[in-house]
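The values are calculated or read from the model by the stated rules, or taken from the named source; none is laboratory data. Keep in mind the model is a prediction, meaning the values are calculated, not measured. All Cβ positions, glycine included, derive from the backbone under ideal geometry; neighbour counts span all protein chains shown.
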Amino acid sequence: MKVIGLAGWSGAGKTTLLAGIIPLLVRRGLRVSTLKHAHHAFDIDRPGKDSYEHRAAGATEVLVASGRRWALMHELRDEGEPSLATLLGRLSPVDLVIVEGFKREAHPKVEVHRTANGKPWLHDEFTGIVGVIADSDPSGWTGRRAHLDDHAAAADLLAELAAPLGDVLRRLETEAALAHSPRKAG
């Protein structure tokens, strides 16, 4: 299993890009999963549904299944937000996991940038950016890149820059350990 992230400001075109890239990767024979970070409260359930009522009553997890799909909802209650490493560990094995968001994490990421957004480039500020998919040339960037409208080239870039899950988990653990280590007085 390999992992690659997409990082970019809202409105950069990440969702549109993924909707164009995923079918290309699947046609190439890859099994693809996505992991999306939401910066706001969200709910895939609604009042009146049995699963919603089970959660509202206090269930920690509710698994809903049918002949076409299943979904597991886990209520955090007083728990903290799970780490990217924890979430990656909950996924079923596939060939490629594309992580959207988590731009501050240490996993390898490709920056998605749209000039019309008027936002700054992320690769100057965040570590782990190994490629760029954009509608303009990033100043100072010498690494791999693809044009935002070239889904085939973007799919190639993501597949080539993805890292094995074990390597990604080690990077995430190392970064977490550094973030929590006491600083030496100098």
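Brief remarks on what is shown
- Filtering region 18-43 to residues that are assigned to a helix (DSSP H, G or I) and touching a helix residue (DSSP H, G or I) at 6+ places or on another chain (Cβ under 6 Å) leaves 20, 21, 24, 25.
- Region 135-152 residues that are in contact (Cβ under 8 Å) with a residue 24 or more places away in the chain, paired with ones that are surrounded by fewer than 17 Cβ atoms within 10 Å (Cβ to Cβ) and part of a loop (DSSP other than H, G, I, E, B) (beta carbon under 6 Å, 6 or more apart): 148/135
Yes/no matrix, rows are residues, columns are (1) surrounded by fewer than 19 Cβ atoms within 10 Å (Cβ to Cβ); (2) assigned to a loop (DSSP other than H, G, I, E, B); (3) touching a Gly at 6+ places or on another chain (Cβ under 9 Å):
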{"site": "120", "(1), (2), (3)": "yes, yes, no"}
{"site": "139", "(1), (2), (3)": "yes, yes, no"}
{"site": "154", "(1), (2), (3)": "no, no, yes"}
{"site": "174", "(1), (2), (3)": "yes, no, no"}
{"site": "182", "(1), (2), (3)": "yes, yes, no"}
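- Residues satisfying the stated conditions in region 33-61, i.e. surrounded by 10 or more Cβ atoms within 10 Å (Cβ to Cβ), of a type in the set (A, V, I, L, M, F, W, C) and without any contact (Cβ under 8 Å) to a residue 12 or more places away in the chain: 56
- Positions within region 6-32 being surrounded by 15 or more Cβ atoms within 10 Å (Cβ to Cβ) and touching a Pro at 6+ places or on another chain (Cβ under 9 Å), in sequence order: 9
- Of the residues making up region 64-76, at least one is β-branched (Val, Ile, Thr) and in contact (Cβ under 8 Å) with a residue 12 or more places away in the chain.
- Filter result (modelled with pLDDT under 85 and closer than 27 Å to residue 95 by Cβ) within region 15-41: 38
- Among residues of region 90-114 that are buried (at least 20 other Cβ atoms within 10 Å of the Cβ), those with a beta-carbon under 7 Å from a residue that is part of a strand (DSSP E or B) and of a type in the set (S, T, N, Q) at least six positions away or on a different chain give the pairs 97/33; 98/34; 100/34.
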